[in-house]
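Some notes on the structure that comes next.
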Amino acid sequence: MKLLLKRHEMFMVPLKDLVIFPRMVVPFFVGRRRSVRGVEEAARMGRPLFLVAQKKNAVEDPGEHDVHTVGTIARILQMMKLPDGKIRLLVEGLDRAVIGRYTETKECFRVIVRPMAPAREVTPQISALMRTVLTQFTQFNEIARKVAPEAVTAVESADVPDVLVDLVAGNLPLKLEQKLELLSLENTAARLERCAAIIASEIELMSLEQEITGKVRRKLEKTQKDYFLNEQMKEIQKELGAEGDDPTGARELEEKLKAKDLPLEVADKCQKELKRLGRMQPMSPESALLRTYLEWIVDLPWKEATPDNKDIERARQILDEDHYDLKKVKERILDFIAVRQLKSRVKGPILCFIGPPGTGKTSLGRSVARSLGRSFVRVSLGGVRDEAEIRGHRKTYVGALPGKIVQSMRKAGSRNPVFLLDEIDKMSSDWRGDPASALLEVLDPEQNHAFMDHYLEVSYDLSDVMFITTANSAHNIPYPLRDRMEIIEISGYTEFEKENIADKFLVPKQIQENGLEWADITFQKSAFHKLIRGYTMEAGVRNLEREIANILRKIAREAVKEGMSPLSAQASAPSEPSSIAVPASAETESFATATVESALPADAASPELPTAVAPTSRHKVVVNGKAVEKYLGKEKFLEDTFSQDMKPGLAYGLAWTELGGQLLPVEVAIVVGKGEVTLTGSLGDVMKESAQAALTFLRAHHEKLRIPATFTKERDIHVHVPEGAIPKDGPSAGITLTAALFSAVSGVPVTTGFAMTGEITLTGRLLPIGGVKEKVLAAHRYKMTHILLPRRNEKDLEEIPAEVMQALTFHFADSVLDALAVLFPDRSFAEPSPLAASPGIVDALRRPEPAERTLVDTALDQPIV
Ligand code: ADP
């Protein structure tokens, strides 16, 4: 050092990309002419070198201004000349120094330098800074782990502040500028501070870097893991025999879709979805959903259609084969077929069959399909209250499916089926939307060529479908729907019709359904009578069919019990019972039975057999009235309970219900009281008002009717309509209420066998009512003999079957007075006559005290039916 100070002059070597700090031992090559020369001279003289960084690496031949001013004095430790003229040098840094001036630059660089001596004094501030630097160095090393252990020990043991900075800067992987900065700063405290700042930012950068690297690694690991698992799964699928090269099934679906003639919109949509499916993981839930969706599209009939039967005669035959009578409906269907013959594309008519249950509405729909040669589907709308049931759910919902319409179209397999919408009047709506509005889109010919199902997301053409709807009552069909339908009413059947239906259709059908075609089963007239009157008081034939099925099941059971079967019947049929030997086998058992039973009187000759079952060789069974009772137990409805034994205060009305026409008994009792009127039997408002009107009418016309004006004084009137659990309403009970009230007041019973219906007004007019056919059929069913109707309903009798017209005597009236004259023929209403002339309550009313007792007794002692 002293030598340097003395001489002040040194050989300088400019360094590229390298900063050497004191106490660092560094190897490097020297190749440039002036540098080589300088090194050689220094080595020869045994002098240290001055190493200083170049400002720009690219400069090959640097001048005075191309190097920094601060550098390091270094001792040559090793020097080796290489064959190419370069020198490999190992040096050790000694001290920092600043260039004073250049003394030589041509042959080599010689400079006079001023050494920067390290500060010896350690102030508390410097001590604190040293500690900070040391801590940060340790922290950095913990994260980076890039410093050699000897260097770490050297740093940790450094007690001179400048030495500490030199060691730290020399050993850390800092940028060249940072190193240069730390080398050049003169002030020790500033060096320490800067050193701390640089390490701090490096630590921060490194933590960030590590964090990012960690994330990237994790991501990479996951991708690798997924890839690995997928590969494994493919292998497993291969092992399981699942489609190896088409794991998502996209290709198979594409082929199926190509084979189908899809509308353009649908084909486009499918292409998009197929692409999406191809990109999905085969086992993911999304791909399963998409596959299901595409399968729905594949399965739907987009262009497939069945050819229509255009042969009217054939269609008529089929309709007649399936259903008895129902002329009007059959005619309408034949009309439709005729129009089809003239014009190939007819917008499907929407027929609506309205009638009581069991009148063949549903089965007629099936028959229409058969006669047209179309496929048949049926959807029951009873209880449907959610629009999604019609239109489906969006396919993003879990478990989503198309609505009932599209589901049924898939079932139909053709785009032109007969589509039966059953019980359209039983739909309701709530917060889940209005199914009726969705149905409107289905049924409206203007809209249904582009029906939108939420699940399909593409429109579906329903315009070729023939829709048939059924309902029990037109009132409950939402108006916009009713407006688009052609209503065909199917009223209940008469007893005669029921008998025919049972004989020609229900019995053969049920025999087949119960596997009894091989047996010889005959139902006699008496059986039908009994079934219709005693077991099934209904407008249609549903219960009749059920009871027939019931009987046949019992017969089947008997046959099985007796060892009868189709086989045994075949074997035995042609032979004569007597000629058969009796070996002990299943077949022979049947013969045995047959032989024994055939000893009984033959059935055909005696229609009313005492026994129900009279098997012969073909297991012959004849079902008559008695047999019905044997199979089904006691009758449920007793015949003639209604019309007989008329008491004062009782009248039979006729009501229209969704189940067909009904007999509606009305009872009135008058008892001692305070003039109150009580109405019981679950009556609706309109019926209550009718009762009030009837009462007022009687009071207003008491003179003509020859009843006392004071009949309500000190008396309570109780009007009761039995079967209280069933709500009743409607104005058509007006005349019945009047008749019952009058009968109670006058004490005269209504003529036996009379049923009546009609709305009344306060002035005594009798207004027409609806549902005449149903009501007349009900009167006939309940064995009434006379029927009273408003005159203006006379025209409605056209559709009444002849046998009903014959069985009933019809009476028509314009006014309530006329009606009462018919119902109470023994009383004359023309002239007010002395009250004494009329018997019953009128008499009682005239008498003072005891009379009231009689009245009460009359009313109470004569319970009505
Ligand atoms: P709805 O739909 O009107 O309630 P269904 O169509 O279910 O009645 O009919 C009930 C049963 O009665 C079916 O087996 C049907 O074949 C039979 N049926 C009803 N009317 C007739 C008829 N006119 N001719 C033959 N069978 C009939």
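Residues that are over 25 Å from Ile312 (Cα atoms), in contact (Cβ under 8 Å) with a residue 60 or more places away in the chain and more than 16 Å from the ligand (Cβ to nearest atom) occur at least once in the stretch 382-391.
Table: residues versus (1) closer than 25 Å to Gly355 by Cα; (2) not small (Gly, Ala, Ser).
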position: Ile468; (1), (2): yes, yes
position: His475; (1), (2): yes, yes
position: Ser491; (1), (2): yes, no
position: Phe496; (1), (2): yes, yes
position: Lys504; (1), (2): yes, yes
position: Ile532; (1), (2): yes, yes
position: Glu562; (1), (2): no, yes
position: Ser565; (1), (2): no, no
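The residue of the stretch 87-105 that is most open to solvent (accessible area, probe 1.4 Å), among those that are under 14 Å from Val52 (Cβ atoms) and basic (Lys, Arg), is Arg101.
For the stretch 65-76, a tally of residues being in a strand (DSSP E or B) and open to solvent by 80 Å² or more (accessible area, probe 1.4 Å) returns 1.
So which of Phe419, Phe451 ends up being within 16 Å of the ligand (Cβ to nearest atom) and either crowded, with 22+ Cβ neighbours inside 10 Å or under 22 Å from Leu289 (Cβ atoms) (or both)? Even if it seems obvious, please write down each step before you answer.
Values: Phe451 fails: within 16 Å of the ligand (Cβ to nearest atom).
On inspection, the qualifying residue turns out to be Phe419.
Does any residue of the stretch 183-192 turn out to be touching a strand residue (DSSP E or B) at 6+ places or on another chain (Cβ under 9 Å), in contact (Cβ under 8 Å) with a residue 12 or more places away in the chain, under 23 Å from Asp17 (Cα atoms) and in a helix (DSSP H, G or I)? Yes, the stretch 183-192 contains at least one residue that is touching a strand residue (DSSP E or B) at 6+ places or on another chain (Cβ under 9 Å), in contact (Cβ under 8 Å) with a residue 12 or more places away in the chain, under 23 Å from Asp17 (Cα atoms) and in a helix (DSSP H, G or I). For Glu40, indicate whether it is among the acidic types (Asp, Glu), at pLDDT 90 or above and part of a strand (DSSP E or B). So Glu40 does not fit the description; no.
When you look at Pro402, is it buried (at least 19 other Cβ atoms within 10 Å of the Cβ), touching a residue at least 60 places away in the same chain (Cβ under 8 Å), within 16 Å of the ligand (Cβ to nearest atom) and assigned to a loop (DSSP other than H, G, I, E, B), yes or no? Considered against the rule, which asks whether it is buried (at least 19 other Cβ atoms within 10 Å of the Cβ), touching a residue at least 60 places away in the same chain (Cβ under 8 Å), within 16 Å of the ligand (Cβ to nearest atom) and assigned to a loop (DSSP other than H, G, I, E, B), Pro402 comes out as no. Scanning the stretch 381-399 for residues that are open to solvent by 40 Å² or more (accessible area, probe 1.4 Å) and more than 21 Å from Tyr460 (Cα to Cα) yields Gly383, Arg385, Val398, Gly399. For the stretch 508-524, taking the residues that are part of a helix (DSSP H, G or I) and of a type outside the set (A, V, I, L, M), the one that is farthest from the ligand (Cβ to nearest atom) is identified as Gln512.
Considering the stretch 418-496, the qualifying strands (runs of 3 or more DSSP E), each wholly inside and each with 2 or more residues that are of a type in the set (D, E, K, R), run over 486-489.
If you check Ala338, Ala369 for being at pLDDT 90 or above and either within 17 Å of Asn309 (Cβ to Cβ) or open to solvent by 40 Å² or more (accessible area, probe 1.4 Å) (or both), only one passes: Ala369.
Close Cβ contacts (under 6 Å, 6 or more residues apart or on different chains) running from residues in the stretch 344-365 that are over 12 Å from Val329 (Cα atoms) and modelled with pLDDT of 70 or more to residues that are open to solvent by 20 Å² or more (accessible area, probe 1.4 Å) and near the ligand (Cβ under 6 Å from one of its atoms) comprise Pro357/Arg542; Gly358/Arg542.
The set of residues in the stretch 797-819 being open to solvent by less than 60 Å² (accessible area, probe 1.4 Å), without any contact (Cβ under 8 Å) to a residue 40 or more places away in the chain and under 24 Å from Ala740 (Cβ atoms) consists of Leu808, Phe810, His811, Phe812.
Scanning the stretch 703-719 finds one or more residues that are under 27 Å from Gly770 (Cα atoms) and either open to solvent by 10 Å² or more (accessible area, probe 1.4 Å) or touching a Leu at 6+ places or on another chain (Cβ under 9 Å) (or both).
When restricted to residues that are open to solvent by 40 Å² or more (accessible area, probe 1.4 Å), within 16 Å of the ligand (Cβ to nearest atom) and not in a loop (DSSP other than H, G, I, E, B), the stretch 304-325 contains 5.
Looking only at residues in the stretch 356-380 that are farther than 21 Å from Asn416 by Cβ and out of contact with any strand residue (DSSP E or B) (no Cβ under 6 Å at 6 or more places or on another chain), which one is nearest to the ligand (Cβ to nearest atom)?
Top of the filtered list is Gly360.
If you go through the stretch 534-546 and keep only what is open to solvent by less than 20 Å² (accessible area, probe 1.4 Å) and modelled with pLDDT of 90 or more, you end up with Val541, Leu544. Among the residues of the stretch 9-47, those identified as closer than 21 Å to Arg101 by Cβ and buried (at least 22 other Cβ atoms within 10 Å of the Cβ) are Met10, Phe11, Met12, Val13, Pro14, Ser35, Gly38, Ala42. Name the residue, out of Ala53, Ala43, Ala58, that is without any contact (Cβ under 8 Å) to a residue 40 or more places away in the chain and touching a strand residue (DSSP E or B) at 6+ places or on another chain (Cβ under 8 Å). Testing whether each residue is without any contact (Cβ under 8 Å) to a residue 40 or more places away in the chain and touching a strand residue (DSSP E or B) at 6+ places or on another chain (Cβ under 8 Å) leaves just Ala43. Being in contact with a His (Cβ under 7 Å, 6 or more places away or on another chain) and open to solvent by 20 Å² or more (accessible area, probe 1.4 Å), is that true of even one residue in the stretch 166-174? No: the stretch 166-174 contains no residue that is in contact with a His (Cβ under 7 Å, 6 or more places away or on another chain) and open to solvent by 20 Å² or more (accessible area, probe 1.4 Å). Scanning the stretch 810-847 for residues that are polar (S, T, N, Q) and at pLDDT 90 or above yields a total of 1.
Which residues, taken from the stretch 457-507, are among the basic types (Lys, Arg), within 16 Å of the ligand (Cβ to nearest atom) and surrounded by fewer than 21 Cβ atoms within 10 Å (Cβ to Cβ)? Passing the criteria: only Lys504.
The values are calculated or read from the model by the stated rules, or taken from the named source; none is laboratory data. This structure is a prediction, so every number in the text was calculated from the model and none was measured. Here Cβ is always computed from backbone atoms with ideal geometry, including for glycine, and neighbour counts include all displayed protein chains. Heads up: the accessible areas ignore ligands, DNA and RNA and are worked out on the full protein's heavy atoms, side chains in. Shrake-Rupley method; radii C 1.70, N 1.55, O 1.52, S 1.80 Å.
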